[in-house]
1. Assuming R0 = 45 Å, can you tell me the calculated FRET efficiency for the pair H40 and D114, based on Cβ-Cβ distance, to the nearest 0.05?
2. Once phi is turned into ³J(HN,Hα) by the Karplus curve 6.51 cos²θ - 1.76 cosθ + 1.60 with θ = phi - 60°, what whole-Hz value does each residue of segment 50-60 show in order, with x for glycine and proline?
3. Provide the packing ranking of 182-189, 118-125, i.e. peptides ordered by the mean count of other C-beta atoms within 10 Å per residue, highest first.
4. Per-residue counts of other Cβ atoms within 10 Å, averaged by peptide: what ranking do you get for 203-210, 172-179, 127-134, highest first?
5. Quick check: residue separation of H189 and E177 times 0.36 nm, minus the Cα distance between them. What number comes out in nm?
Amino acid sequence: MYLVLDDVVQSIIAYKDLVVPLFFGLFFLGTFAAAFFYRHRYVRSSYLAVFFACLLLVNLSPSGYEIRPMEDLHKFTGIPSEEKVNYLIYVEDSAGREIRFDRRVVPTVSPNDDVARALAYCSQEESEAAGRYLLHRSHEYRERIEAGAPSLVERVDFPRHQQDFRWTESELDGYGEFVTLKVYELHLHFEEGGYELTSTERELAFEVSLPANATASDVEYTFEERCV
């Protein structure tokens, strides 16, 4: 059965640019039709059959391919490799004290994601432009925290689904003005099977500082143009 499902998924992948958006649209059209004709037994049963068939396709196929809005609902994670590489963004004050980047500085930028990786591997000009922008925004965000005046977006932002890291006024008390933004390449080594972290190695991959007296206009940047 797995092999049959895998063949089906491989066929979908070959035409994913067409199949995925087409399925996405047809799914909601079918859901609307099933809701409208819910009294018809064959409509209900056909809709449920297609729904669970697609759910099984996503979850049982060895390829693990998603056709949205179906999601990967595996009960068990795969076995990770014995080494994993992460990229983390930090900011540093003049005394060399570092603190991890708070993703609320720029909501679309996580301290550990493709942006951090891009800063490490893009051209020097692109990386420095993005890094200076993030560093300047971190100053503005810190000022709002210390003034106890969150922005309107921060006030109405829906609570995150996980307890992630964030800056607080008390935590920032121990830091001077942030002068440098850094990206570290973090190597995580696990025991065989991936059940336990055995060691970590951190290597500086990128750093940038703000020019003296830099203003917002000096660090303008559009993340839609970023290198990833």
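Values in this text are rule-based calculations from the coordinates and carry no lab data. The structure presented is a predicted model; accordingly, all values stated were derived computationally and were not measured. Virtual Cβ from ideal backbone geometry, glycine too; neighbours counted across all protein chains shown.
1. FRET efficiency, H40 to D114: 0.45.
2. These are the phi-based 3J(HN,Hα) values: 5, 4, 6, 5, 5, 5, 5, 4, 5, 8, 9 Hz.
3. Details: 182-189: 18.0, 118-125: 15.2.
Output ranking for 182-189, 118-125: 182-189, 118-125.
4. 127-134, 203-210, 172-179
5. Here the answer is 0.9 nm.
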